[in-house]
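To start, the structure under review is shown below, and the notes come after it.
What follows is calculated from the coordinates using simple rules that are stated; it is not laboratory data. Because the structure is predicted, anything quoted here is derived from the model rather than measured. All Cβ positions, glycine included, derive from the backbone under ideal geometry; neighbour counts span all protein chains shown.
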Amino acid sequence: QVQLVESGGGLVQPGGSLRLSCVASGSIFRFLPMGWYRQAPGKQRDLVASITTDGSTSYADAVKGRFTISRDNAKNTMYLQMNSLKPEDSAVYYCHPLGSLNPWGQGTQVTVSS
């Protein structure tokens with residue numbers, strides 16, 4: 001079981017940028033394929049970006065070209081650089097190991113609004 005703490009969210013204007021961070025506890029982070037998910041009010045939680053243990057990445061069509069996922073295994077940390085933000089990107093963002101029953105963290109709120 002890995003404890004996950006997300007941070008870096010906030011209020012930003014359309015077109016702005018944010019960088020989210022996810023810090024994981026323990027020593028197994030480097031062995032876990034990871035993803036960033038988001039959930040808007042009344043909607044399901046969706047995967048927006050993923051990264052394998054060797055750094056290969058994948059993105060949902062809605063964020064492709066605007067978001068960049070990365071990881072630093074030495075720091076047990078994963079990042080999500082979000083550029084050209086749109087109001088529809090507003091949601092609570094979570095990090096989580098792919099395909100895992102690990103408990104979810106508290107998430108970090110991203111609000112894109114003028």
**Q.** For peptides 65-74, 85-94, sequence by mean Cβ density within 10 Å, most packed first
**A.** 85-94, 65-74
Q: Please compute the Cα-Cα pair-distance distribution of the range 1-48 with 10 Å bins starting at 0, giving whole percents from short to long.
A: 19, 45, 29, 7
Q: Please build a GNM for the chain, connecting alpha carbons under 10 Å apart, and tell me which residue among Leu20, Leu11, Leu47 fluctuates the most.
A: Leu11
Q) With +1 on each Lys and Arg Cβ and -1 on each Asp and Glu Cβ, how big is the dipole of the chain about its Cα centre, in debye rounded to the nearest 20? A) 60 debye
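I'm a student and want to see the number: the projected area of the Cα convex hull of the range 1-112, averaged over all directions, in nm². Each step should come with its number before you reach the end.
Details: hull surface 25.3 nm².
For the Cα atoms of the range 1-112, the hull's average projected area reads 6.3 nm².
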